[in-house]
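Below is one structure; the comments refer to it alone.
The values are calculated or read from the model by the stated rules, or taken from the named source; none is laboratory data. Bear in mind the structure is a predicted one, so any value in this text is a computation, not a measurement. Note that we place each Cβ from the backbone using ideal geometry, even for glycine, and neighbour counts take in every protein chain shown. The accessibility values were calculated without ligands, DNA or RNA, using every heavy atom of the protein model including side chains. Shrake-Rupley method; radii C 1.70, N 1.55, O 1.52, S 1.80 Å.
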Amino acid sequence: MDENLRREIIMEHYQNPRHRKRINDESYEKVNTNNASCIDNLDLYVLIQNGIIEDICFDGEACAISTSSCSIMITNLIGKTVEEAKKYVQNFEAMIEEKAYDEELLEEALAYNEVYKQNNRKNCALLPYKGIRKVLDRYNQI
């Protein structure tokens, strides 16, 4: 992906994040995810019904990488099954860790395909994925 396009995608989702709002609805599962070494602290609100991710929202304070990564992740996961979401998360994590991954699954999240070059930013990009993984893993245990 072109460097300018990468920067444009990240800044657009940071300055105008999608699905950013606090939810006060008991049917949503809330999970907090944060980076102990910086300000990143996000709450995810996830609504899964019949194995489908119906909605996800987030709120909190985070850097440009975490905020934009969360916005893109949510946009890509709404409407997916839990299994499809797990596959998406696994591929994103593989990309960040420089392992083999399926580019077609990630869409705009490919903007982070070189974040591994700045090791300290890997945690920022992965932060919302750690949160959604908690929800997805618990869903199968219900």
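Taking every residue in the stretch 41-62 that is touching a residue at least 60 places away in the same chain (Cβ under 8 Å) and pairing it with any residue that is open to solvent by less than 10 Å² (accessible area, probe 1.4 Å) and of a type in the set (Phe, Trp, Tyr), at least 6 positions away or on another chain, the pairs with Cβ-Cβ distances below 6 Å are 42/58; 44/58. Filtering the stretch 87-120 to residues that are surrounded by fewer than 18 Cβ atoms within 10 Å (Cβ to Cβ) and of a type in the set (D, E, K, R) leaves 87, 93, 97, 98, 99, 102, 103, 104, 107, 114, 117. When every residue of the stretch 2-21 is checked against the conditions, none turns out to be in a helix (DSSP H, G or I), buried (at least 22 other Cβ atoms within 10 Å of the Cβ) and polar (S, T, N, Q). The residues on offer are 39, 52, 48, and the sole one that is out of contact with any Phe, Trp or Tyr (no Cβ under 8 Å at 6 or more places or on another chain), over 23 Å from residue 95 (Cα atoms) and at pLDDT 95 or above is 52.
Quick check on the stretch 65-85. Is at least one of its residues of a type in the set (Asp, Glu) and open to solvent by less than 30 Å² (accessible area, probe 1.4 Å)? No, the conditions are met nowhere in the stretch 65-85.
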